[in-house]
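Colleague: If you scroll down you'll find the structure; I have some questions about it.
The values are calculated or read from the model by the stated rules, or taken from the named source; none is laboratory data. Quick caveat: nothing in here was measured; it's all calculated off a predicted structure. SASA here: full protein model, heavy atoms, side chains in, ligands and nucleic acids out. Shrake-Rupley method; radii C 1.70, N 1.55, O 1.52, S 1.80 Å.
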Amino acid sequence: MNNSTEQSLRKRLEALEQDTANEDLFRLTQGRNQALQQKPRKTKPIFWPAMATSLGSALLIAVLYTPAGSVLSPKSEIVTEDFYTDLEDENLEFYYDLEFYDWLADLES
């Protein structure tokens, strides 16, 4: 900047200073002091990286454990009739064994 511009700016600032009321100066000074007395906000430096890592891990788990196909509507029948007949045979043998142990318990008592 040249010297004449500097002088004109200085004169304008001095004129503004003279025109500013004492009450305004007091409020400005008070506001500046309050701003200087405030403690800066302290966020823990580990908070944001930890939060980002947790969120990323949760998203990765959700993506990896999501089944590729539809779970609700299978394309083929999972259980066949042979499965039911095998279960019926096993259950009949189990019930016969239960009847035997019930009969044996009645004899002992």
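Colleague: Any residue at all in the range 50-57 that's modelled with pLDDT under 80 and part of a helix (DSSP H, G or I)?
Modeller: no
Colleague: Going through the range 1-39 one residue at a time, which ones are open to solvent by less than 100 Å² (accessible area, probe 1.4 Å) and not in a helix (DSSP H, G or I)?
Modeller: Once the filter is applied, which keeps residues that are open to solvent by less than 100 Å² (accessible area, probe 1.4 Å) and not in a helix (DSSP H, G or I), the range 1-39 yields ASN2, THR20, ALA21.
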